[in-house]
Amino acid sequence: MAQTKKKKIIGLSCGRVNGNCEILLKEALMAAEELGVQSEIIRAMELRVKPCKGCEACTIALGRGKEPRCAITDDDVPWILDKILVEDCALIVSAPVYHLRANSYFEAIHERMLPTMFRHPEITEKRRVGGIICVGGGEPEWTPLGLTSINIFVQHTRKLVDQMQVNFVPRPGAVLMEGKYLKRAGQLGQNVAKALMMPMEKVKYVGDETEASCPVCHCNVLKVPGNLSEVYCPVCWVRGTIYADENKLKVKWDEDDIQNPRFSTKFIGKHLDLVIELHKKFFTEDQDKVKELIKKYIAYGKIIKP
């Protein structure tokens, strides 16, 4: 009799080797394995990770009907993205906050996701689950964009199950002294494992949130576009009306936006169509004008190097 393939969770560790992020990620994965799932860990800091150069080679190729590939071919980011975006698995991202938002290793991987997503548009249907662990060394006031910044990546391809923000752990291994953080990480791992075994329509977010949290990414960073009562989530573009209920701040969210947030297949599709049209215009109608106008900027400047 053929053996049933076990479900798998991949953990992307973007912090120090054996540091706080990795310890909490391993605690989550060990707890998940108690429920019968397998796990793998990718250590970003041990791999070659280069930042996006903004060359738009992938978008240009897509607009021309060619296979979109990243122009950077001498690092490990394409392999990382194939593993965590395309492979059939759940995902837990663990990243540190050095200065308000997730660190540069995570962001370098995040900003290189477009070629993989262009080649595999089916991943935006969010048929898989994910979790987030974020670790900062200071007060909550110095980590406000940690979960928000990681959600910008995770929300493209995953249904978020749980997330946790840890503060006041500046030293490597400091989380080992705080049993509550290890326990919470284990709970997160088991929550992701349980969701991995459910039909997607039954998967629910089970993590922490506030009365004003976005109903999609469950973060509570809000943008006020103008009128005081109007707010929206800067990650998910879910709009709402803010109001006070006794001493609590609450938001009545738009139900249509909840069903079609920024990183839904529908929203992403509309955005890509617009981007492709703009690129076509730029590389046909406007290219000669740009070549003439840019000459003085190419010629200008004292460029210095070390």
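The values are calculated or read from the model by the stated rules, or taken from the named source; none is laboratory data. Just so it is clear, the structure is predicted and the values come from calculations on it, not from any experiment. Positions of Cβ are backbone-derived with ideal geometry, glycine not excepted, and every protein chain shown enters the neighbour counts.
Details
- Some residue of region 17-30 being buried (at least 19 other Cβ atoms within 10 Å of the Cβ), among the polar types (S, T, N, Q) and touching a Phe, Trp or Tyr at 6+ places or on another chain (Cβ under 9 Å): yes
- Selection from region 159-198 of residues that are surrounded by fewer than 22 Cβ atoms within 10 Å (Cβ to Cβ) and assigned to a strand (DSSP E or B): Lys159, Met164, Gln165
- Sole residue being in contact with a His (Cβ under 6 Å, 6 or more places away or on another chain) and either surrounded by 12 or more Cβ atoms within 10 Å (Cβ to Cβ) or modelled with pLDDT under 95 (or both), chosen from Glu230, Glu209: Glu209
- Residue satisfying all of: in region 148-173; under 16 Å from Asn20 (Cα atoms) and modelled with pLDDT of 90 or more; farthest from the chain's Cα centre (by Cα) among these: Asn167
- Considering region 131-158, and only residues there that are touching a Ser or Thr at 6+ places or on another chain (Cβ under 8 Å) and not hydrophobic (A, V, I, L, M, F, W, C), the residue that is surrounded by the fewest Cβ atoms within 10 Å (Cβ to Cβ) turns out to be His156.
- Among the residues examined, Ser94 does not qualify as under 20 Å from Cys21 (Cα atoms), surrounded by fewer than 22 Cβ atoms within 10 Å (Cβ to Cβ), among the small types (Gly, Ala, Ser) and touching a residue at least 40 places away in the same chain (Cβ under 8 Å).
- Those helices (runs of 4 or more DSSP H) lying entirely in region 34-119 with at least 1 residues within 22 Å of Gly130 (Cβ to Cβ) and in contact with a Ser or Thr (Cβ under 6 Å, 6 or more places away or on another chain): 77-81
- Residue check for Glu209: farther than 16 Å from Asp254 by Cβ and within 19 Å of the chain's Cα centre (by Cα): yes
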